1. Would you compute, for the Cα atoms of segment 226-293, the largest minus smallest coordinate along each principal axis and list the three values in descending order, in whole Å?
2. For the full complex of protein chains and a 1.4 angstrom probe, list F64, F127 by accessible area with the highest value first.
3. So what does F496 come to for accessible area, using a 1.4 Å probe and Å² rounded to 10?
4. Taking only Cα atoms, what is the 0 to 90° angle, nearest 10, from helix 176-185's long axis to the longest principal axis of the chain?
5. Based on a Kirkwood Rh over C-alpha pairs, give the Stokes-Einstein translational diffusion coefficient of segment 366-487 at 25 °C and viscosity 0.890 mPa s in µm²/s.
6. For each pair in K81/K467; K81/K503; K58/K503; K62/K503; K76/K272, compute the distance between the two Cα atoms and list the pairs where it is over 32 Å.
7. Can you tell me, using C-alpha contacts under 8 Å and at least 6 residues apart, the relative contact order of the chain as a whole percent?
8. What is the angle, in °, between the Cα long axis of helix 246-257 and the longest principal axis of the Cα atoms in the chain? Nearest 10 is fine, range 0 to 90.
Amino acid sequence: MKRKIALAISLIFLVMVLMVSGCVMNIDVPGSTPVDWLLQAVDGQARVIIGFSGLPDKALIKAFGGEIYAEFGFIKALSAKIPVEAIDGLLRNPHVLYIEPNIELYALEEQYLWGMDRVFGDESFVFPTWDISTGEGVKVAILDTGIDESHPDLAGRVAGGEDFTGIGSYSDDNGHGTHVSGTVAAIYSNNIGAYGVAPSASLYAVKVLSSSGSGTLDWIIAGIQWAIDNDIDIINMSLGTSINTQSLEDACNAAYEAGILIVAAAGNSGNKPGNRNTVEYPGGYASVIAVAASDSNDARATFSSTGPDVELIAPGVSILSTVPGGGYAYYSGTSMASPHVAGVAALVLSANSTLTNVQVRSILQGTAENLGLKMEHQGYGLVRADLAVQAASGSTPPDPDPDPEPGKITVSSISYSLSRNAKHIYISVQLEPVVASASVAIAVYLNGGSSPYYTGTITSDTAGIAKFTVVNAPSGTYSTVVTDVTAAGYTWDGDFPENSFNK
């Protein structure tokens, strides 16, 4: 049963502000878009590029608890990892011109999305579950900062919407709403960028948060009313507040009674041990599914709110999705976990349109994967698209090849590189053909010794590369022996190239 907390707000505050879950602060840099640093950070640390008016001041960065990765001679800047709380202080220093996220750039092709891969269970992209349901015919309202409907991965997915912030347009002037939308319904068949859980679902941009990532209570309520009036099937609210208000609960209850399934971020107010009751609202209401965030190791993200109101958990750390202007970015937060669940709900409802919101919710609960975490951390468990669609449709996703002939796999190359500080050796084993999730075992010998200096087993990535790290490797000559390669549907030929590396 959802908790009830007495409301104690001073009468001088006539309007309550709700914030996007995961937004710590917005830093305005001239000529740039405000940055939500918590969405860029992992465990409170942000990877950044810092520009200076003169020579980079490395001592200043270290004084603020930063770790320097690289200094660039041809521009007055350096690469570092710094605590989020240090950013504001550094920007006040007259010698610091700018602080930018150390963003990733990548080729224009569909990327490997670990979160998507995880919620589809044992399936591989393109997911066989999509042969049954892609979310077609389901209307999902994104109550957020708006959506950039011109993004190539969202082209044709935005069916309408409304602005309640007063700017006269539901276009996204923050980025948060477009990122959330991509996780729900980005196109998977255009071979660029990212893809969503339910790529045929219809998105509705209900702009209730401004460019700063915040919105007033009446905007949120008006957005919920709009969803009811426009026969929306699913609402996603990646936003929250620690303040419990009767009006917001009444609005959520009314939408739920009208047949809408409501999914919301649980909040980013958790602590490392997860021993407090910190789920934010509207996630804390009985009519709303509160979604916590997991990482790629199936652990609860340390920032993820905890408590008895957590209903499901979903990927929420380093999630790649769409951002305005045709780009892509990695964000972290329960804001990123919530749309995974909303997308799965769209798949379920599309697979069986006779289901009520209560029945869809029950299926999500019953098919969730138990991660072995506390109930207060994971609720029923990790949302599973494949199992939920099977339960809704009464069918099993087809095996694309039920009796495949085993293929041959070989090791085409073994290469070496050093870490930036030259302390560690990276050993990359390339498989041919490219096979992801293959188990690769190696033994590394130093100076021709009879016993291995290092042994390890790791799985290959989507490029078919298994990358090992020999930590604090001493100087000498290294050689690598591949001892085993195991991959479903393949047999290893037992060969690998001769190799050596002098450190």
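The values are calculated or read from the model by the stated rules, or taken from the named source; none is laboratory data. What you see is a predicted model, and the numbers here were worked out from it, not measured in a lab. Neighbour counts are summed over all protein chains in view; Cβ atoms, including those assigned to glycine, are modelled from backbone coordinates with ideal geometry. Surface areas here come from the heavy atoms of the whole protein model, side chains and all, with no ligands, DNA or RNA. Shrake-Rupley method; radii C 1.70, N 1.55, O 1.52, S 1.80 Å.
1. 41, 23, 15
2. Details: F64 75, F127 0 Å².
Per-residue accessible area, sorted high to low, gives F64, F127.
3. 80 Å²
4. 80 degrees
5. Details: Rh = 17.8 Å.
After rounding, the answer is 138 µm²/s.
6. Numbers: K81/K467 23 Å; K81/K503 27 Å; K58/K503 28 Å; K62/K503 29 Å; K76/K272 37 Å.
Distance filter (> 32 Å) returns K76/K272.
7. Values: 1283 pairs, mean separation 67.1, N = 503.
Result for the chain is 13 percent.
8. 80 degrees
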